[in-house]
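Q: This is the structure, below, for whatever I ask next.
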Amino acid sequence: MITKNFLEIIGKIDKKVAKYYWENPTKEELILKKFAKLTEEVWELSSEILAGFWAQRRPKTESHSKEALELEFADVVLTTLLLSKTMNVDINVALEKKLEKLKERGLL
């Protein structure tokens with residue numbers, strides 16, 4: 001699943017992000033702010049996907065690239081991991097449980 005080293009990097013990012021953006025937030029405020037950030041990142045990913053299908057206004061489609069799409073996917077994954085950390089969700093355990101459910105449904 002997600003390596004220990006990568007999760008340690010997420011932890012370092014998390015500490016810096018919290019200090020950089022917010023001063024002494026409560027845990028609830030952090031969760032809400034990170035959730036809002038995740039929503040923003042998903043919107044940006046959807047915008048890139050639409051641009052790839054020429055379903056956006058011209059400036060968006062002209063600036064669309066594979067690299068931009070990859071970076072938006074990465075933003076969604078990183079922001080999801082930061083939110084799960086804040087909410088004390090062990091992402092590896094959650095992924096294992098999900099894979100087990102997919103296996104039960106015959107999808108694995």
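Q: Within the range 71-108, restricting attention to residues that are in contact (Cβ under 8 Å) with a residue 24 or more places away in the chain, of a type in the set (A, V, I, L, M, F, W, C) and surrounded by 13 or more Cβ atoms within 10 Å (Cβ to Cβ), which residue is nearest to K27 (Cα to Cα)?
A: At the first step, the residues of the range 71-108 found to be in contact (Cβ under 8 Å) with a residue 24 or more places away in the chain are 72-73, 75-76, 78-83, 85-87, 91-92, 95-96.
If we keep only those that are of a type in the set (A, V, I, L, M, F, W, C) as well, we get 73, 76, 78, 81-83, 87, 91, 95.
Those left that are additionally surrounded by 13 or more Cβ atoms within 10 Å (Cβ to Cβ): 73, 76, 78, 81-83, 91.
On the way: F73: 26, V76: 21, L78: 19, L81: 16, L82: 13, L83: 11, I91: 18 Å.
Residue satisfying both the conditions and the ranking: L83.
Q: Specify the residue that is surrounded by the most Cβ atoms within 10 Å (Cβ to Cβ); the eligible residues are those in the range 8-38 that are closer than 15 Å to V76 by Cα and in contact (Cβ under 8 Å) with a residue 24 or more places away in the chain.
A: Residues of the range 8-38 closer than 15 Å to V76 by Cα: 10, 13-14, 33-38.
Next, only the ones that are in contact (Cβ under 8 Å) with a residue 24 or more places away in the chain stay: 10, 13-14, 34-35, 37-38.
Details: I10: 18, I13: 14, D14: 18, K34: 23, F35: 14, K37: 16, L38: 17.
Selected residue: K34.
Q: Are any residues in the range 47-70 at pLDDT 80 or above, exposed (fewer than 14 other Cβ atoms within 10 Å of the Cβ) and assigned to a helix (DSSP H, G or I), and if so, which ones?
A: K66, E67, E70
The values are calculated or read from the model by the stated rules, or taken from the named source; none is laboratory data. Everything numeric in this text was worked out from a predicted model, so none of it was measured. All Cβ positions, glycine included, derive from the backbone under ideal geometry; neighbour counts span all protein chains shown.
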